[in-house]
Every structure is written in structure tokens, then in C-alpha cells.
1. If packing is taken as the average number of other Cβ atoms within 10 Å across a peptide's residues, how do 3-9, 227-233 rank, most packed first?
2. Pop a pseudo-label 7 angstrom from the Cα along the beta-carbon direction at both Asp248 and Glu87 and give the gap in nm to one decimal.
3. If neighbour count is taken as other Cβ atoms inside 10 Å, put Thr126, Thr298 in order from fewest to most.
4. In nanometres, what is the gap between the two model label sites at Ser152 and Gln173, each 7 Å from Cα along Cα-to-Cβ?
5. What value in Å³ per residue do you get for the convex hull of the alpha-carbon atoms in the chain?
6. Setting aside same-chain residues fewer than 8 positions from Lys212, which lysines have a Cα under 24 Å from its Cα?
7. Can you find, among Leu299, Gly285, Gly272, the residue farthest towards the positive end of the dipole of the stretch 253-301? Put +1 on the C-beta of Lys and Arg, -1 on that of Asp and Glu.
8. Say the dipole of the chain comes from +1 at the beta carbon of Lys and Arg and -1 at that of Asp and Glu; which of Leu14, Cys146, Gly255 then lies farthest toward its positive end?
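Computed from the coordinates by the stated procedures, all read-outs in this text should not be read as laboratory data. Source: prediction; values computed, not measured. Please note: Cβ atoms are built from the backbone with ideal geometry, for glycine as well, and neighbour counts cover all protein chains shown.
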Amino acid sequence: MQTSFLDRLFDAGLLIDTGVDGLYGRGGRFEDVIVAFERLIDRVGGADGAEAMRFPPGMNRAFFEKSGYMKSFPQLAGTVHSFCGNELNHMSLLKCMEVGEEDWTKGQKATDIVLTPAACYPLYPTVARRGRIPMDGALFDLQSYCFRHEPSQDPARQQLFRMREYVCMGTEQHVTDFRQRWMDRGVKMMQDVGLDVTIDVANDPFFGRAGKMLANNQRDQNLKFELLIPITSVARPTACMSFNYHQDAFGAKWGLHLEDGRVAHTACVGFGLERIALALFHTHGLDVAAWPADVRNTLWG
Ligand code: ATP
Ligand code: MG
């Protein structure tokens, strides 16, 4: 039997098995590649003057509820629950765990925190609180671990992974120019590290039958593009970056206004950091020292 790419990553110590599909530790050499690629992102985007912010991988549950995530993607969400009982409750909890017949987590109560589904979710309410957005726009640089409940044995589909994002707010023209600029830059960056890229129109995995319509609409209006690179299949390459135009939907939802009072348009560009590292290992091999010199040079100077 042929060993899978995932098993080879485990054997090489690049990813570390935890016993759960899509939940992996990362070895030092895997992290080195992510660090180097993030430095490349910094070099390409650095002159744009984005404001950097880093949020933890959990976000305010009230903001998550307001975002509408549960309407569109209930299948992917992860909430944080905790034990909130007294000593008596604790005794029955331990008993329940010992017997193992019932689900011991049933008595856990929801906390004020949910797992962050995309790096930009905590940003919108934060910016809304600050007041109006300058007419020449606002730009933010984010990175976060994100959770999505999509267990898979495809190493490129993880449940906890890092997303680096740039988010742009401003007029329609301003944010669509931003998105186009990053589509061009993204292709160039991937070519510079020797990856085989295509760009295609895409849609988000909206839940249920009503979701089909949302997905079709998103495609028809070219609201989402993906940069695709072969990782586990050449016929079905994997999305390693996405370029999303939200029109004024987030602006209206969060009350993001330009100085002249109009609702701001927003767009975001996301790099899937683990997927990019996996694309590099898949394309150039598991031994970084043996990667082509120009690729090493682009990443490590
Ligand atoms: P896919 O269609 O593969 O599920 P997506 O459309 O859900 O991707 P986005 O929501 O646009 O992805 O997220 C931005 C980027 O984050 C993606 O382009 C991808 O590189 C990365 N990403 C998304 N989901 C995962 C995942 N489960 N594991 C690893 N990286 C991911
Ligand atoms: Mg997805």
C-alpha cells in the first residue's frame, strides 16, 4: 500500500499526530517554512501601511452571534463550554466520566467565547467602535488560528489552522482595487516560490438548501476568488488563498461608515498558512535543504 502524504508528513516530523483528524502539532521545520512565508508576505505588503492587530483564536460570543455565522455555516462552528457547577455537580460529573455511559460534556455551560472561524471576524466590531473610516480607506493586517469543524484525513483540511489576512475598508473602488492588487501579488508570490497556481471563481460552503442560492449568487457576482495549488490532487487543486469582496454587507451589519456617512465596502484577502507550507512540501519535497536554490533564496534570502 502506498503511504499517504499525511503519513509521510508524520514520518518526517513535519506534522505531529494527535489522534484527531485535522488536529496536528507542527514540527520545527514546518514552522520555519510558515515563518519564512509570513516574512515574504510582510515584504510584499509591508509598504501598504496596514495596521497590525492580533486576536486570540477565541472571540466574543455576542459578536459571533451578530455576525450571522450560524445562519450560513452552522456545520463549521465551534463553541467553548465550561463546567460551572458546585461540588455536588462536580461529584456527579466525575461519576459520569467514570461510568462512561453518558456524555459527560452535557452539563457544560456555554462561555462568552467561541472559536474564531476566520481571522477577520473580531476586526469589524473593533473598527466600528472607533468611529468613521477615512475616505481614502483603512487597511488591517491580521493573523489567527481559526477553527472549522471539518475533520478530514486530507492534511490540507485541518480543524485548527492559521489564516493571515489583509482586510480593506473604504469605497467600492478602493476595496475592489485592493482585492485585484492582491490577486496579482498572490500569483507572483506563489510563482516566485516555484508553485503551480491557477485562480478561479469560488463560493463559500453555505449550509442547506437556502445556502445553494447564496453560493450561486456569490459566484454569479464574482464575490470570491481562490488561488489554487495542487496538494493532494492535481485534478482538484487546493485553495491556498482567497480574495473576498463583501460589498457593503459587513459595513451595514457592523455600522462601518465612511467620513461622508456612506456605508463602507469591505474586502479581505486570506492566506492559508498551513496549506501554503504543505504545497511547498508537496511540490519541492519534504527535505527543505534539497529545495531549489531560487525558492530557498526567495524564502530565506
Ligand atoms: P475550502 O473551499 O478549501 O474549504 P474556504 O473557502 O473555506 O476553503 P476561506 O474561508 O476563504 O476558505 O479561508 C481562507 C483560507 O484559509 C483558504 O483559502 C485556505 O487557504 C485556508 N483554509 C480554509 N479552510 C481551511 C482548513 N480547513 N484547513 C486549512 N486551511 C484552510
Ligand atoms: Mg471551507
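1. Numbers: 3-9: 16.0, 227-233: 20.1.
Highest-to-lowest ranking by the protection proxy: 227-233, 3-9.
2. Modelled inter-label distance: 6.0 nm.
3. Numbers: Thr126 14, Thr298 18.
By the 10 Å Cβ count, ascending: Thr126, Thr298.
4. 3.9
5. Details: hull volume 50.8 nm³, N = 301.
It comes to 169 Å³ per residue, whole-number rounded.
6. Straight-line reach from Lys212, under 24 Å: Lys66, Lys71, Lys224, Lys253.
7. Value computed over the given set: Gly272.
8. Gly255
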